[in-house]
Amino acid sequence: MQTILSTSYPVHFQETGYNALNEFIVSKAFKTIFILVDENTHEHCLPILQQEITAEVVFEIIEIESGEVNKNLGTCMSLWQALTDLGADRKSLLINIGGGVITDMGGFVASAYKRGIQFINIPTTLLSMVDASVGGKTGVDLGVLKNQIGLFADPEMVIIDPMYLQTLSEKEITSGMAEIIKYGLTYDESLWKQFLDETEEVDLIGMIHRSIEIKNEVVLEDRLEASLRKILNYGHTIGHAVESYFLESEHKETLTHGQAIALGMITETYISSKLLGFPEDVLAIIKKTITGIFGKVPVLPEDYDAVLDLMKHDKKNVNGQVNFVLLEGMEKCKIDCKVTPELIIESLDYYLA
Ligand code: GLY
């Protein structure tokens, strides 16, 4: 697979990535490299990586507990302490191997440690391969508010190896599909069409490469999310609020990111049909296809107020106004759209119906 060049770093695939990593370690003469893992990537992914690193180097493994609930400043403090205790200096390298929690938080920890050390991301979930791998967003949650604290910082390189996907559950693979669908609806309809043709075998590796290409094209044009990059938030305004609500609610099961964004894409396409004339027949196909893959999230009318309240914290808001990315048609996004609470509620009713 062809390497993709991002803002200041390459996204390498498979062997090319490991060769580049070995050359990088040798050229920078690292004696020790620090590797951030969680208990899952420690057991299942680290052995694959260690086999691929042929350069003479000592590994210091730093493990955190998996899960979004640990993506916070408390965990960052313990990571900065661990780096300090293990003698990491300004010339050290941190390799983050894991899902979005590991790569987002590891990137943030590296960027702030001694005003910034080098880091490399090796995403191991489908979601982090197609989304978090490119774009330089690093950060952590503040309470239930996702990615509230963070900064833009680029890794030295990203390595994509689909081998790691074999360590995932079906549920985790499905979760990553939501972001691929997002690229299909907002940017490249041919990607979306692959979800419609049930007779075709899914070309997952091809989808990953195309998704990263798309995200990279968007990021190269608008790294700091002044305009075009906002399209990547399609499905995320309602989706993030529902995801946060389920995370904090004692009576709800925590959702995968994909389940939440699937709900967000259906509701926000419904809103698009009401405000921008998105074709209703296509909306019906989108609802059927997406619920066929993700099922339905039990967000009920009694949950609506709390979900609307959480939307007030969305990072795209300006002057307290919630801003949506909507679709005028396939691949035709309109950013900064204002939507009334009544229409948001109507869209949730449509989703549940
Ligand atoms: N996940 C959306 C973005 O990176 O802009």
Report, to the nearest 10°, how far helix 170-186 tilts away from the longest principal axis of the Cα atoms in the chain, using its own Cα long axis and a range of 0 to 90°. 60
Stokes-Einstein diffusion coefficient of the chain, Kirkwood radius over Cα pairs, 25 °C, 0.890 mPa s, in µm²/s: 118
Return the calculated 222 nm mean residue ellipticity for the chain, to the nearest 500 deg cm²/dmol, obtained by summing -39500 (n - 2.57) across DSSP H runs with n ≥ 4 and dividing by the residue count. -14500 deg cm²/dmol
So for the chain, taking the charge dipole from beta-carbon charges (+1 Lys/Arg, -1 Asp/Glu), which of Trp80, Val242, Ile122 sits furthest toward the positive end? Trp80
How far is it, in nm, from the label point at Ile345 to the one at Tyr304 when both lie 7 Å from their Cα along the line to the Cβ? 0.4
Considering only Thr289, Val218, Ala353, whose Cα is most displaced toward the positive end of the charge dipole of segment 203-353, charges sitting on Cβ of Lys, Arg (+1) and Asp, Glu (-1)? Val218
By average Cβ neighbour count within 10 Å, what is the ranking of 322-329, 282-289 from highest down? 322-329, 282-289
Rounded to the nearest whole Å², what accessible area per residue is found for segment 70-206 with the 1.4 Å probe? 39
Normalised alpha carbon radius of gyration of segment 49-152 [divisor 2.2 N^0.38 Å]: 1.03
Stretch Ser249-Lys334 to full length: gain in nm at 0.36 nm per residue minus the Cα-Cα span? 27.4 nm
Filter Lys193/Lys274; Lys28/Lys146; Lys31/Lys215; Lys274/Lys296 down to the pairs with a C-alpha to C-alpha distance above 32 Å, please. Lys28/Lys146; Lys31/Lys215
Which value, in Å², gives the accessible area per residue of segment 223-330 when a 1.4 Å probe is used on the protein heavy atoms? 41
Lys, Arg +1 and Asp, Glu -1 on Cβ, resulting dipole of the chain about Cα centre, debye, nearest 20: 1080
Give the peptides 259-272, 197-210 in descending order of average Cβ contacts within 10 Å, highest first. 259-272, 197-210
Separation in nanometres of the label points that stand 7 Å from Cα toward Cβ, at Thr32 and Lys171: 3.8
Can you give me the % of accessible surface on the chain that is carbon or sulfur? Probe 1.4 Å, all protein chains present, nothing else counted. 50
Return one whole number: the accessible area per residue of segment 21-68 in Å², for a 1.4 Å probe. 53
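The values are calculated or read from the model by the stated rules, or taken from the named source; none is laboratory data. Note that the structure is predicted; figures quoted are calculated from it, not measured. Positions of Cβ are generated from backbone atoms using ideal geometry, with glycine treated the same way; all protein chains shown enter the neighbour counts. Surface areas here come from the heavy atoms of the whole protein model, side chains and all, with no ligands, DNA or RNA. Shrake-Rupley method; radii C 1.70, N 1.55, O 1.52, S 1.80 Å.
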